[in-house]
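**Q** Before I ask anything, here is the structure I am working with.
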Amino acid sequence: MAHTLPELPYAKDALAPHISAETLKFHHGKHHAGYVGKLNAALAGTGLEDMALDKLIANIEQVPEDRRAKVFNSGAQHFNHSFYWNSLSPKGGGAPGKNVEEALTAAFGSVDAFKEVFTAESTGHFASGWGWLVKNSAGELKVISTHDADTPIAHGLTPILTVDVWEHAYYIDYRNGRGSYLKAFWNLVNWDFVAANLA
């Protein structure tokens, strides 16, 4: 069965004024949709069309070598974007729930300290990529960034929260102001999604 573009979990104008409907129109409707289309085209005839996306990325060596880069790049971008949409909520921001607060405080010293580390990593990431809060195999929380389409699930890490720092994620609203975009991001963070991923 072909991979499909997931519906946004909110209306395209629901994240305004922090992220505009115009940004979501292009980011979800053009960029994300484009990755899904390229993934399906690259998988055609491989016998791997029905493999779950996370398993496909984690077992990329099963993909024929001449298609591997295309499948990984499009598949990982499909995964990353799907995760990103759920990291945001029109009812997001504010303070996290008790369990998330305790986990972030244990790992980083406080919620504010976590935000500072995450913001610095994401803002300072060179060129295109993603900022992540992840959990490693030992259950430790870490902040990392990945380049281009790379994704934590390709490295045995569990993603907890992400922010897209490709320019297409923020250029319409913030031009080259990635720092302003990260500041706005905290008004939209879906702490319920973070809590579910920590459970």
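Values quoted throughout were computed directly from the atomic coordinates according to the rules given, and no laboratory measurement underlies them. Every value quoted in this text rests on a predicted model; they were computed, and no experiment measured them. Every residue, glycine among them, receives a Cβ derived from its backbone with ideal geometry; neighbour counts consider all protein chains shown.
**Q** Tell me the Kirkwood radius of the chain: reciprocal of the mean inverse pair distance over distinct alpha-carbon atoms, in Å.
**A** The Cα-based Kirkwood calculation yields 17.3 Å.
**Q** Give the long-range amide H neighbours of Gly129: residues separated by 5 or more places, or on another chain, with amide H under 5 Å away, using H modelled in the peptide plane at 1.01 Å from N.
**A** Excluding prolines and chain starts, which carry no amide H, the hits are Asp148, Val165, Trp166.
**Q** Using 1/(1 + (r/R0)^6) with R0 = 22 angstrom and r between the beta carbons of Asn187 and Glu140, what's the FRET efficiency to the nearest 0.05? It would help to have the intermediate numbers written out before the result.
**A** Working: r = 28 Å, r/R0 = 1.26.
Once the sixth-power term is evaluated, E becomes 0.20.
**Q** Given contacts defined as C-alpha pairs under 8 Å and at least six residues apart, what's the relative contact order of the stretch 21-87, whole-number percent? Present the calculation step by step, with values, prior to reporting the outcome.
**A** Working: 40 pairs, mean separation 26.4, N = 67.
Computed over the stretch 21-87, the figure is 39 percent.
**Q** Same structure, new question: For the residues Thr23, Thr162, Thr105, what sequence is obtained by ranking on other C-beta atoms within 10 Å, fewest first? Can you show the working numbers first?
**A** Working: Thr23 21, Thr162 26, Thr105 14.
Ascending number of Cβ neighbours within 10 Å: Thr105, Thr23, Thr162.
**Q** Now a separate question. Calculate one ³J(HN,Hα) per residue across the stretch 135-143 by plugging θ = phi - 60° into the Karplus curve 6.51 cos²θ - 1.76 cosθ + 1.60, and present them in order as whole Hz with x for glycine and proline.
**A** Result, rounded to whole Hz: 10, 8, 5, 8, x, 8, 8, 9, 9.
**Q** Still on this structure, I have one more. Would you list, by chain and number, the lysines whose Cα falls below 30 Å from the Cα of Lys142, excluding same-chain residues fewer than 8 positions away?
**A** Answer for Lys142, where 30 Å is the Cα cut-off: Lys55, Lys70, Lys91, Lys98, Lys115, Lys183, listed by chain and number.
**Q** Another question, then. Rank these for me by crowding, Thr119, Thr46, Thr151, going from fewest to most other beta carbons within 10 Å. If you can, show how the numbers build up before the last one.
**A** On the way: Thr119 19, Thr46 14, Thr151 24.
Ascending number of Cβ neighbours within 10 Å: Thr46, Thr119, Thr151.
**Q** Also, I was wondering about something else. Sort Trp130, Trp186 by Cβ crowding within 10 Å, fewest neighbours at the top. Working shown, then result.
**A** Numbers: Trp130 28, Trp186 15.
The most exposed by this proxy come first: Trp186, Trp130.
**Q** Find how many whole Å separate the alpha carbon centroid of the stretch 112-135 from the alpha carbon centroid of the stretch 59-92.
**A** Going from one Cα centre to the other spans 19 Å.
**Q** Compare Pro90, Pro152, Pro17 in a GNM of the chain, Cα atoms joined below 10 Å, and give the one with the largest fluctuation.
**A** Per the Cα network of the chain with a 10 Å cutoff, Pro17 tops the list.
**Q** While we're on this one: With θ set to phi - 60°, apply the Karplus curve 6.51 cos²θ - 1.76 cosθ + 1.60 along the stretch 108-115 and write out the HN-Hα couplings as whole Hz, x wherever there is a Gly or Pro.
**A** 10, x, 5, 5, 4, 5, 4, 4
**Q** Now for a different question. So which trypsin sites (Lys or Arg not before Pro) in the stretch 64-147 end up in coil per DSSP with only 15 or fewer other C-beta atoms within 10 Å? Could you put the intermediate results ahead of the total?
**A** Numbers: sites: Arg67, Arg68, Lys70, Lys91, Lys98, Lys115, Lys135, Lys142; in loops: Lys91.
Loop-located and lightly packed - Lys91.
**Q** Multiplying the sequence separation of Thr158 and Met1 by 0.36 nm and subtracting their Cα-Cα distance, what value in nm do you get?
**A** Working: separation 157, 0.36 × 157 = 56.52 nm, distance 2.56 nm.
That pair, Thr158 and Met1, stretches by 54.0 nm at full extension.
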